[in-house]
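One structure below.
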Amino acid sequence: ILSLSGNLSDSFPSGDEDNTFTGNVDNEINGNWISAPTGSIHEARLKAKVKRRLRKNSSRDSGRGDSLSDTGDVVRSVVPPTSPKGKLLNRRSRMGKGRGLPKKGGAGGKGVWGTPGQVYDEDKVDVKDPNYDAEQENCVYETVVLPLDEETFEKTVTPIVQEYFEHGDANEVAELLAELNLGSMRGDVPMLAVSLALEAKASHRELTSCLLSELCGCVLTAADVEASFHKLLKELPDLVLDTPGAPQMLGQFIARAVADNILPKSFIDGYKGRVDCEYARAALDRAAVLLRMSRWTGLRIDSLWGSGGGQRPVNQLIKEVNLLLKEYLLSGDTVEAERCLRELEVPHFHHEFVYEAVIMVLESKGNRTLQMILQLLKSLCASTVITVDQLRRGFERVYVDMADLSIDVPCAYSLLEKFVEQSFDTGVIDKKLRDLCPCRGRKRFISEGDGGRLKLSSY
């Protein structure tokens with residue numbers, strides 16, 4: 001410190017502040033202590049300023065290879081700049097060794113499971129592993145399905161039975177039930193199916209009887225079926241509230257089950273003298289009567305419910321339609337005719353009903369039949385039992401067959417025109433269907449073969 005003060009006192013002449021340093025002194029430039037003469041201090045400051053500017057712009061300036069000359073000027077390098085990102089993407093060795101092949105033979109990198117074609121063997125169990133358990137070597141893991149409770153059972157099985165009423169495939173129902181863990185609810189499957197069938201159509205009851213026969217042996221046992229019918233007899237007072245004819249229908253189910261050998265013959269005899277409920281007594285009496293009739297008169301219990309809907313042959317459906325129309329012409333009960341038509345369960349075959357009705361009008365040649373058929377068609381169309389498409393198809397079939405019908409009924413064309421016109425006036429058919437009605441061409445009154453005589457009657 002003393003030497004520095006001595007140098008400073010010698011280096012500062014009075015009145016000359018510009019030449020502050022005349023000798024070698026220690027100065028700090030950008031944090032570095034340098035020893036420089038007075039003339040080179042200014043050059044060092046310029047160089048430091050240029051360096052700071054280069055470091056500040058190095059991230060966005062492309063001149064990373066710039067350097068400074070001895071005079072302080074910026075000298076640009078001829079070598080193009082390189083990006084550190086490019087070095088990272090380069091997969092070749094940075095040590096200058098190797099043949100430029102991928103690392104690890106192509107088995108390395110993200111998302112790579114090994115070299116192409118490599119087959120991994122099963123891992124061998126290490127006996128010396130502290131987590132090794134000898135009891136787990138022969139374990140078999142299976143999916144555990146929890147048993148259904150009462151609420152879950154009804155929510156799960158009810159849609160299966162209702163879908164069966166639509167497709168009629170008992171094998172599909174058996175497969176769906178086999179996937180469920182019914183547990184103690186297995187015996188309630190026949191009970192649920194019969195309860196749903198009591199509120200359904202006759203064809204659905206026939207499908208239910210077939211379903212019980214198919215399920216017994218593969219999904220259900222005879223004991224399950226017998227237990228279900230015992231429960232149904234006990235719950236008959238509640239079933240009658242929703243279905244008044246439940247005792248008779250349940251008796252038919254019991255008789256059908258005995259005939260199909262899924263219910264023992266001693267089932268009915270076991271209740272003799274031990275039945276207090278009048279509904280259960282009526283069901284058992286109905287079953288006993290049907291079984292005696294099948295044994296004595298040859299009654300076929302397997303067709304007790306009848307064949308439903310489109311499963312019946314066409315000839316049988318045509319006979320039932322004709323019988324329905326004849327009964328209507330005798331009674332004149334439109335409501336009963338509508339109910340019988342619904343029970344046929346053949347909405348796709350209603351065009352045959354319209355066709356047969358129009359044919360009856362043409363063959364009767366009377367105004368009473370025409371008015372009754374017209375009233376029936378109007379009622380069925382208003383209640384949408386017969387759709388517009390089925391009605392149109394029925395009339396069009398009559399139009400096509402008029403050439404053959406006129407042979408048996410000579411005045412068929414005039415009767416058809418009268419019926420079609422009145423149907424249009426009452427709103428049964430539309431104008432387009434009325435205009436399609438065929439009309440017989442006008443016959444000449446005088447022909448050459450008649451010798452010029454006038455024909456008094458024409459049609």
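The values are calculated or read from the model by the stated rules, or taken from the named source; none is laboratory data. Please read these numbers as outputs of a predicted model, since none were measured by experiment. Note that each Cβ is placed from the backbone with ideal geometry, even for glycine, and that neighbours are counted across all protein chains shown. Heavy atoms of the whole protein, side chains included, go into the accessibility calculation; ligands, DNA and RNA do not. Shrake-Rupley method; radii C 1.70, N 1.55, O 1.52, S 1.80 Å.
For LEU241 and LEU330 in the same chain, what is the full-extension length gain: residue separation times 0.36 nm, less their Cα-Cα distance, in nm?
On the way: separation 89, 0.36 × 89 = 32.04 nm, distance 3.46 nm.
That works out to 28.6 nm of additional length.
For the range 157-267, what is the accessible area per residue in Å², given a 1.4 Å probe and the full set of protein chains?
43
Once you have the Cα-Cα distance between CYS411 and ASP123, take 0.36 nm times their residue separation minus that, and quote the gain in nm to one decimal.
Numbers: separation 288, 0.36 × 288 = 103.68 nm, distance 9.41 nm.
The span from CYS411 to ASP123 would gain 94.3 nm if fully extended.
Mind checking which of HIS167, LEU146, ALA200 is farthest towards the positive end of the range 144-230's charge dipole, using Cβ charges of +1 (Lys, Arg) and -1 (Asp, Glu) about the Cα centre?
Result: ALA200.
How long is the gain from TYR271 to LYS110 if the chain were fully straight, where each residue apart is worth 0.36 nm and the alpha carbon distance is subtracted?
50.2 nm
Ignoring ligands, DNA and RNA, what accessible area per residue does the range 332-426 give at 1.4 Å, in Å²?
Heavy-atom accessible area per residue stands at 47 Å².
Taking amide H atoms as placed 1.01 Å from N in the peptide plane, list the residues 5 or more away in sequence, or in a different chain, whose amide H sits under 5 Å from that of LYS201.
Hits under the 5 Å cutoff: none.
Using +1 on the beta carbon of Lys and Arg, -1 on that of Asp and Glu, and nothing else charged, what's the dipole of the range 104-254 about the Cα centre, debye to 20?
Charge dipole of the range 104-254: 260 debye, to the nearest 20.
Summarise the accessible area of the range 156-216 (1.4 Å probe, protein heavy atoms) by the percent that is carbon and sulfur.
With neighbouring chains kept in place, the figure for the range 156-216 is 45 percent.
Please sort 152-161, 285-294, 114-123 by packing, taking for each peptide the average over its residues of neighbouring beta carbons within 10 angstrom, highest first.
285-294, 152-161, 114-123
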